[in-house]
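Working notes for the structure below.
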């Protein structure tokens, strides 16, 4: 079992390699393919995590729009 410091160091190295590969992919495709084959890695597109904030706001907006159409709740008078 690895201790936390070893694990963190490994994660940092993997992230650094990922960053270098991303740069190499953008600048020199042939070298990128060669490095992948030498290291035995697969070309996996970037994973984009779902944006939970936008889903929550859309749910809140849809609830507000539904409640407006039903006419429930107190009516507010305009100040003159």
Quick one: count up the residues across the range 1-38 that are loosely packed, with under 11 Cβ neighbours inside 10 Å and in contact with a helix residue (DSSP H, G or I) (Cβ under 8 Å, 6 or more places away or on another chain). 1
State whether the residues of the range 70-77 include one that is outside any loop (DSSP other than H, G, I, E, B), over 18 Å from the mean Cα position of the chain (by Cα) and at pLDDT below 90. yes
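The values are calculated or read from the model by the stated rules, or taken from the named source; none is laboratory data. The structure displayed is predicted, hence computed values, not measured ones. Reconstructed Cβ throughout: ideal geometry from the backbone, glycine too, with neighbour counts over all protein chains shown.
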